1. Between a residue in region 214-242 that is assigned by TED's automatic domain parsing to the domain that holds Thr193 and among the polar types (S, T, N, Q) and any residue that is at pLDDT 85 or above and outside any helix (DSSP H, G or I), which pairs come within a Cβ distance under 9 Å, given they are 6 or more apart or on different chains?
2. Sort out which residues of region 120-147 are touching a helix residue (DSSP H, G or I) at 6+ places or on another chain (Cβ under 7 Å) and surrounded by 12 or more Cβ atoms within 10 Å (Cβ to Cβ), and write them in order of number.
3. Hey, Val129 hits all of (1) in contact (Cβ under 8 Å) with a residue 24 or more places away in the chain; (2) in a loop (DSSP other than H, G, I, E, B) but one; which does it fall short on?
4. So, of the residues in region 96-117 that are surrounded by 10 or more Cβ atoms within 10 Å (Cβ to Cβ) and without any contact (Cβ under 8 Å) to a residue 12 or more places away in the chain, which turns out to be farthest from Arg169 (Cα to Cα)?
5. Does region 197-204 contain at least one residue that is within 20 Å of the chain's Cα centre (by Cα), modelled with pLDDT under 80, surrounded by 13 or more Cβ atoms within 10 Å (Cβ to Cβ) and part of a loop (DSSP other than H, G, I, E, B)?
6. Among Glu184, Glu240, which is more than 29 Å from Leu26 (Cβ to Cβ) and either at pLDDT below 75 or surrounded by 12 or more Cβ atoms within 10 Å (Cβ to Cβ) (or both)?
7. Mind counting the residues in region 94-129 that are of a type outside the set (Val, Ile, Thr) and closer than 23 Å to Ser162 by Cβ?
Amino acid sequence: MNDPARPYNELPLLPPGLDIESKAVLKKCVGARAALAGLQRAGQLIPDQSVLIHVIPMLEAKGSSEIENIVTTNDDLFRQASLEEGTADPATKEALRYRTALFEGFKTLSERPITTRTIVDICRTLKAVALDIRATPGTALRNSHTNETIYTPPEGADRLRSLLANWERFLNEPTDLDPVGRHEVLGILDAVTARGRTVVLVEHEPTAAEQADAVIVLDHGVKIAEGRPAQVRNDERVIEAYLGSEDEAIGL
């Protein structure tokens, strides 16, 4: 058990070593999907959906700020949202910056996947300071009432960048997580193709290609193979691009 007062430099890498796809977790996933579908239907009934974009993030920002004992009121928050930030009190400014950071983070997704740069930019917006990856020790999460140390994060800029790089790979590289969702989608595609419709599927998981009639493989945006699944699977260019050459494998 890690000592909360010591930097957690042994923070385990992702993905987690334990089973996170237990029956209990998957049941929760089903409920979450149903809730999101309900929200989507409700959103379609709202004449001006920008209400969701503007109001909900601000309320979420207010709640997030309260966790850090930065308390403002709904009245102050919505009043200052339409005025110059300079007229707001510090707590309201902080909450409004949460909203701005959320929008900016969302906009970057159209340009690039979530990366360490995304997180740095969000933190800079939240704090209104030109922050970077933390290089100095001394950061800790403490109980504001008792001053008890609850958690001390890892220390050292190199270690933090390494952990964040691991987090990036976990987010952006294909994994075998969420097989339920993948099977649901493939089941829907089977029903569509059974009606004689053509479907183009972009997928990182190679096993999904086994159900295709034809497969095109890209490497850094360049087509390197095309054909039936069995042909593509055994293509030397595909093997080298995605599994590495034999020499590289031996070197590992």
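The values are calculated or read from the model by the stated rules, or taken from the named source; none is laboratory data. Computed from a predicted structure; not experimentally measured. Backbone-built Cβ (ideal geometry, glycine too); neighbour counts: all protein chains shown.
1. From residues that are assigned by TED's automatic domain parsing to the domain that holds Thr193 and among the polar types (S, T, N, Q), the pairs are Gln231/Val215; Gln231/Ala225.
2. Answer for region 120-147, where residues must be touching a helix residue (DSSP H, G or I) at 6+ places or on another chain (Cβ under 7 Å) and surrounded by 12 or more Cβ atoms within 10 Å (Cβ to Cβ): Asp121, Ile122, Thr125, Leu126, Ala128, Leu131, Ile133, Arg134.
3. Evaluating Val129 over (1) in contact (Cβ under 8 Å) with a residue 24 or more places away in the chain; (2) in a loop (DSSP other than H, G, I, E, B) leaves (1) as the failure.
4. The qualifying residue farthest from Arg169 (Cα to Cα) is Phe106.
5. Checking region 197-204: at least one residue is within 20 Å of the chain's Cα centre (by Cα), modelled with pLDDT under 80, surrounded by 13 or more Cβ atoms within 10 Å (Cβ to Cβ) and part of a loop (DSSP other than H, G, I, E, B).
6. Glu240
7. The qualifying residues number 7.
Table: residues versus (1) modelled with pLDDT of 80 or more; (2) at positive phi.
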residue: Val25; (1), (2): yes, no
residue: Ile46; (1), (2): yes, no
residue: Gln49; (1), (2): no, no
residue: Asn69; (1), (2): no, yes
residue: Thr72; (1), (2): no, no
residue: Phe78; (1), (2): no, no
